[in-house]
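Undergrad: The structure's right below; bear with me while I get my questions together.
The values are calculated or read from the model by the stated rules, or taken from the named source; none is laboratory data. All figures in this text were calculated on a predicted structure; none of them were measured in a lab. Please note: Cβ atoms are built from the backbone with ideal geometry, for glycine as well, and neighbour counts cover all protein chains shown.
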Amino acid sequence: MRVTFLLAGEPDLDALRRLDPDRDEAALQRGERAWVLQTYLRLARAGYPVELAGVAPRDGVIVFHVKQRGFLRRRGAPGRAILLAIRADNRTSGFSDFEVVQNGCFADDRRFFFIPFWPQPALIPRDPGRGERVERICFKGFVDNLDPSMRTSEFMQALAARGVALDIHGVPWGDRAANRDVHLSWGDYADVDLVLAVRPTDRRLHTSKPASKLINAWHAGVPALLGPEYAYRELRRGPLDYLEVTTPGDALAAIDRLRGDPALYRAMVDNGRQRAGRFTFDAVLDRWVKLLYQTLPVRLAAPRALVDRRVPLPARWALREAVRLACFRATR
């Protein structure tokens with residue numbers, strides 16, 4: 001079955017096809033490239049017959065980022081293609097045939113499939129020579145995704161009183177000028193002793209977010225202090241996976257605990273290395289291969305799917321949008 005990864009608006013697809021996802025990580029840091037391009041590159045390099053296109057073909061499976069759904073409204077939208085949307089941090093597309101979601105909250109293994117986000121490319125693990133010291137904490141991500149209470153001068157002073165510094169590796173999400181062509185050191189954990197990742201409070205536990213910061217911390221050999229999020233709790237199997245914190249006081253107590261218990265620090269590092277084995281590049285690749293070449297063909301061979309495929313895509317899109325809006329109004 002033909003599988004096309006759609007990446008609209010890119011001026012030089014040939015250059016993107018030549019990228020090495022393990023070497024050119026700076027080109028894969030954000031948005032559609034992080035999901036669509038990286039997945040295409042890893043499948044292509046593993047020998048699977050996938051395509052990268054800027055214009056949607058009229059047949060086969062089209063894998064696209066929800067933010068690029070505008071291609072459906074343009075002239076030449078695919079007629080009977082199968083749409084596989086990557087939801088990422090967004091709301092459901094509503095019109096796609098299938099969706100990839102980045103945690104299990106909305107997955108049903110019928111239309112919505114959970115595939116973890118790729119681990120951080122070119123990750124540099126923590127230097128083992130640092131032992132169990134806790135002197136440098138790091139937040140890696142867009143600054144707005146760190147709770148403001150963790151960025152106050154009071155919190156910084158409390159850390160400094162303990163001989164601990166907090167480094168923020170990131171830029172403001174909405175600052176396009178600052179974000180342009182910035183190489184963020186999200187993969188360098190060489191001198192990081194703890195990972196801090198606490199988003200602003202959300203009563204729904206940030207159900208749209210992935211567990212990437214936890215998975216990357218496991219790969220890096222660094223214990224993590226994480227906020228209450230669905231994706232983290234979903235993966236948690238025991239107290240060594242990470243320490244959950246909500247407030248600056250919680251974070252300081254966790255830091256004091258780890259500084260006073262080197263054995264706990266070592267145990268969390270060892271546990272993380274074991275847990276990371278389920279989230280390697282090969283493991284994520286296997287999940288994509290299973291979805292594209294095993295699960296979807298079976299789903300598409302079902303009688304109902306065969307009937308749906310006879311309906312032109314624009315009509316399918318309009319029908320699903322109508323159903324989505326009706327459901328939305330019914331719940332108001």
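Undergrad: Of these, Phe106, Phe5, Phe114, Phe95, which one is touching a Cys at 6+ places or on another chain (Cβ under 9 Å) and of a type outside the set (Asp, Glu)?
TA: Unique residue meeting the criteria: Phe114.
Residue by residue, here is whether (1) assigned by TED's automatic domain parsing to the domain that holds Asp286; (2) under 21 Å from Ala301 (Cβ atoms); (3) touching an Asp or Glu at 6+ places or on another chain (Cβ under 9 Å) holds:
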| site | (1), (2), (3) |
| --- | --- |
| Arg17 | yes, no, no |
| Asp24 | yes, no, no |
| Trp35 | yes, no, no |
| Leu43 | yes, no, no |
| Val55 | yes, no, no |
| Leu84 | yes, yes, yes |
| Asp89 | yes, no, no |
| Gly94 | yes, no, yes |
| Asn103 | yes, no, yes |
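Undergrad: So which residues in the stretch 227-239 are within 20 Å of Gly277 (Cα to Cα) and either modelled with pLDDT under 95 or in contact with a Leu (Cβ under 8 Å, 6 or more places away or on another chain) (or both)?
TA: Ala231, Tyr232, Arg233, Leu235
Undergrad: May I pose another question? When residues of the stretch 96-114 are filtered for being buried (at least 20 other Cβ atoms within 10 Å of the Cβ) and either in a loop (DSSP other than H, G, I, E, B) or touching a residue at least 40 places away in the same chain (Cβ under 8 Å) (or both), how many remain?
TA: Counting residues in the stretch 96-114 that are buried (at least 20 other Cβ atoms within 10 Å of the Cβ) and either in a loop (DSSP other than H, G, I, E, B) or touching a residue at least 40 places away in the same chain (Cβ under 8 Å) (or both) gives 7.
Undergrad: Which pairs turn up if I take residues in the stretch 201-228 that are closer than 27 Å to Asp270 by Cα and look for partners that are part of a loop (DSSP other than H, G, I, E, B) and basic (Lys, Arg) with beta carbon separation below 7 Å, at least 6 apart in sequence or on another chain?
TA: Sorted first by the residue in the stretch 201-228, then by its partner, the pairs are Ala220/Arg126; Gly221/Arg126; Val222/Arg126; Gly227/Arg199.
Undergrad: What's the total number of residues in the stretch 1-49 that are in a helix (DSSP H, G or I) and not charged (D, E, K, R)?
TA: Result for the stretch 1-49: 17.
Undergrad: Among the residues in the stretch 139-151, are any within 21 Å of Pro262 (Cα to Cα) and surrounded by 13 or more Cβ atoms within 10 Å (Cβ to Cβ)?
TA: No, the stretch 139-151 has no match at all.
Undergrad: Specify which of the listed residues (Tyr265, Tyr232) is in a helix (DSSP H, G or I), among the hydroxyl-bearing types (Ser, Thr, Tyr), on the phi < 0 side of the Ramachandran plot and under 24 Å from the mean Cα position of the chain (by Cα).
TA: Tyr232
Undergrad: Please go through the stretch 1-42 and pick out each residue that is closer than 14 Å to Ile62 by Cα and of a type in the set (S, T, N, Q).
TA: Passing the criteria: Thr4, Thr39.
Undergrad: Sticking with this structure for a sec: Check the stretch 276-292 and report whether any residue there is farther than 30 Å from Asp97 by Cβ and either in contact with a helix residue (DSSP H, G or I) (Cβ under 8 Å, 6 or more places away or on another chain) or among the basic types (Lys, Arg) (or both).
TA: There is at least one residue in the stretch 276-292 that is farther than 30 Å from Asp97 by Cβ and either in contact with a helix residue (DSSP H, G or I) (Cβ under 8 Å, 6 or more places away or on another chain) or among the basic types (Lys, Arg) (or both).
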